[in-house]
Amino acid sequence: MIGFMGSGKSSCGRELANRSGLFLIDTDAEIVRHAGMSVSDIFATRGEEAFRQLETETLQELLKRNEDMIVSVGGGTPLREENRKLLKQMGKVFYLKASPENVYERVKENTARPLLQGPDPMGRIRQLMKDREEIYPLAADHIIETDGLSVDEVCDQIEKLFWIG
Ligand code: S3P
């Protein structure tokens, strides 16, 4: 699953893992585990580019594992062309698309996202979404508009689309 921060990738990942019994991998969590520090600390001490490199390496590792699993990636992962290629090789890619308002509601209390810690998080969400809106579909097999849908309803759609094609 790909999509902007706060688009519901982690919640849907957990629900899909429950339903299917498959393993869930959250690439942010993998990076944090390997690096031994939080995403914010990686951004602060090594910079965003180093984090992006860790995202690429994590996808490469997952691809090598060649196992059935559900993978939820960070909101910026599809920005690198190399990552989009890796994602395609890994399997079916679902883009969870949410409005800036819904994203804001989900992320406003959370301080773990370094890109949204400035004085105007809503403005930042709108700007980043605009910058990325043409990129996400390049990486996706299916786009799911999540506004107004529950986690269960999003997962129903993913399951249906997964089996259709
Ligand atoms: C980022 C999204 C975050 C995390 C990092 C950068 C982004 O993941 O990888 O803070 O560039 O959109 P989530 O989408 O899981 O919040």
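The values are calculated or read from the model by the stated rules, or taken from the named source; none is laboratory data. Small disclaimer: the values here were computed from a predicted structure and weren't measured. Don't worry about glycine lacking a Cβ; one is built from the backbone with ideal geometry, like all the others, and counts go over all protein chains shown.
Listed values, structure above:
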| read-out | value |
| --- | --- |
| Near pairs, Cβ below 6 angstrom, 6+ apart or cross-chain, from segment 88-113 (within 13 Å of Met5 (Cα to Cα) and of a type outside the set (Val, Ile, Thr)) to any residue that is within 14 Å of the ligand (Cβ to nearest atom) and assigned to a strand (DSSP E or B) | Tyr95/Ile2; Tyr95/Gly3; Leu96/Gly3 |
| Pick from segment 28-51, criterion within 10 Å of the ligand (Cβ to nearest atom) and not hydrophobic (A, V, I, L, M, F, W, C), ranking: surrounded by the most Cβ atoms within 10 Å (Cβ to Cβ) | Asp28 |
| Helices (runs of 4 or more DSSP H) fully within segment 92-162 counting 2 or more residues that are more than 14 Å from the chain's Cα centre (by Cα) | 100-107, 121-132 |
| Boolean, Ile25 is crowded, with 21+ Cβ neighbours inside 10 Å, hydrophobic (A, V, I, L, M, F, W, C), within 14 Å of the ligand (Cβ to nearest atom) and within 28 Å of Lys160 (Cα to Cα) | no |
| Hits in segment 1-19 - residues which are charged (D, E, K, R) and more than 12 Å from Val93 (Cα to Cα) | Arg14, Glu15, Arg19 |
| Lys64, sole failed condition from (1) surrounded by 14 or more Cβ atoms within 10 Å (Cβ to Cβ); (2) in a helix (DSSP H, G or I) | (1) |
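Residue-wise test of (1) out of contact with any strand residue (DSSP E or B) (no Cβ under 6 Å at 6 or more places or on another chain); (2) at pLDDT below 95; (3) farther than 22 Å from Leu62 by Cβ.
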| site | (1), (2), (3) |
| --- | --- |
| Met90 | yes, no, no |
| Leu96 | no, no, no |
| Asn102 | yes, no, yes |
| Pro121 | yes, no, yes |
| Glu153 | yes, no, yes |
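This table checks each residue for (1) within 14 Å of the ligand (Cβ to nearest atom); (2) farther than 14 Å from Ala140 by Cα.
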{"position": "Glu55", "(1), (2)": "yes, yes"}
{"position": "Gln60", "(1), (2)": "no, yes"}
{"position": "Asn66", "(1), (2)": "no, yes"}
{"position": "Ser72", "(1), (2)": "yes, no"}
{"position": "Leu79", "(1), (2)": "yes, no"}
{"position": "Lys85", "(1), (2)": "no, no"}
{"position": "Leu96", "(1), (2)": "yes, no"}
